[in-house]
Amino acid sequence: MTPGDEVVVALDVGGTGMKCALVRPDGATVHAERHATDAARGPEAVVGTILDVAEGLAGKARADGRTPVACGIAVPGVVDEARGVAVWSANVGFRDVPLRDLARERLGLPTALGHDVRVGGLAEARLGAGRDAGHVLFVAIGTGIAAAHVVDGSAAVGAHGAAGEIGHILVRPDGPPCGCGRPGCLESVASASAIGRRYAELAGAPATAAEVADRAAAGEPLAGRVWREAVEALADGLATGQALFDVATIVIGGGLAQAGPRLFDPLRTALRERLTFHREPRLVAAALGDEAGCLGAALLALDTLAKESR
Ligand SMILES: [Zn+2]
C-alpha cells in the first residue's frame, strides 16, 4: 500500500446540510458528497444519518481501493472535544450526544469530534488563507460572528469550549440586543444579519448585508452609514482580538467576506487606526469557502490518528 491509498472520512454537519468527503493526508479531497441534515426529524434520526453516511463513505473508500484510517466529524454548537460529546446545538438539536464513541464503534476507526468553526479555522490556518502564518484568528461573519484562534496548527478550545468567541466582545454598550442575551456584542452590530436589520430599521425596507454593501458603494448615504458603523464595530472587535492574540493573519470568512474590497479596504484602515504598539495583522479573505469545515474535520481526524499511534 502506498501512502496515497490512505484517506480519512470527514463530515461537517450543519443545520441544513452535511458536507462529507474522503480526504487524503495531504489535504486533497478524493471524493465529496452532500446530504440533507433534516434536523426537524429530531437528533436521534440526525445521528443515525451521520453514522450511515460515515459508514457509507468508509465503504466507498474501500470499494475504490483506498484504506479509511480515521474519521472526523464537525458539528455546531457547544462541543466537548476532549470527551467527544456534542453537548448542545440550537439548529441540530443535539443534547449530550456521545458522537465520537458512536462513530468509533460503528466504523471501527479512530474518530475525532470537533466544533465546526474551530475546525474551519484549523483548515484555513493549515491549508487556506492563513497558511504558514503560525498565529491565525479565523472570523466567520454570517448570521452571527464566530471565531477561532489557531496557534501552530491547533485551535484553542478553552477551559469550557468557548475560546476565541470574539463575536461576543462588547463593542457598543448601548447597542442592540445580542442572541446571547446581552446588548452590544460585536455580533449584534456587525454580523451580516445585524447589518440587514439596522438598514431595515433606518430605511423602513428590508435589505441583505450584500445589498447594503452595494448601495453604500453606489453612494446611497443611509447604506453608507450602516456599512461604516458595521466596519467600525468590526475594527473595534478585531483590535481587541489583536490585543489578546497578537496574530500574524486574520482570516475573514462567511457571507460578509464576499463583499471583498468593500469590506477589506475600509476595515484594514479602521483597524490600523486603532492599533498602537500592537503589530498590524494581515487581513485576508478565507480561501476554502464552505469546504473549510469538512477539511478541518479531516485534519482533526489525522491529528487524532497521529496521537493514538504515538
Ligand atoms: Zn453576545
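Just so it is clear, none of the values below were taken in a lab; they were calculated from the coordinates. In this text, all values refer to a predicted model and were calculated from it rather than measured experimentally. Using ideal geometry, Cβ is built from the backbone for each residue, glycine included, and neighbour counts are taken over all protein chains shown.
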With the condition being surrounded by 21 or more Cβ atoms within 10 Å (Cβ to Cβ) and touching a residue at least 60 places away in the same chain (Cβ under 8 Å), I'd like the strands (runs of 3 or more DSSP E) fully within segment 40-109 carrying at least 3 qualifying residues. 67-75
Would you point out the residue of segment 165-188, among those that are touching a Leu at 6+ places or on another chain (Cβ under 8 Å) and assigned to a helix (DSSP H, G or I), that is nearest to the ligand (Cβ to nearest atom)? H168
Could you check, for segment 235-246, whether at least one of its residues is surrounded by fewer than 24 Cβ atoms within 10 Å (Cβ to Cβ), among the small types (G, A, S) and touching a residue at least 60 places away in the same chain (Cβ under 8 Å)? yes
Regarding V247, is this residue within 18 Å of A133 (Cβ to Cβ) and among the β-branched types (V, I, T)? yes
So which of A147, A155 is within 17 Å of A286 (Cα to Cα), of a type in the set (A, V, I, L, M, F, W, C), within 15 Å of the ligand (Cβ to nearest atom) and in contact with a Phe, Trp or Tyr (Cβ under 9 Å, 6 or more places away or on another chain)? A147
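Look at G184 and say whether it is under 29 Å from V79 (Cβ atoms), in contact with a helix residue (DSSP H, G or I) (Cβ under 8 Å, 6 or more places away or on another chain) and not hydrophobic (A, V, I, L, M, F, W, C). Show your work before the answer.
Numbers: under 29 Å from V79 (Cβ atoms): yes; in contact with a helix residue (DSSP H, G or I) (Cβ under 8 Å, 6 or more places away or on another chain): no; not hydrophobic (A, V, I, L, M, F, W, C): yes.
No.
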When residues of segment 189-234 are limited to those that are among the hydroxyl-bearing types (S, T, Y) and more than 15 Å from the ligand (Cβ to nearest atom), the one surrounded by the most Cβ atoms within 10 Å (Cβ to Cβ): Y199
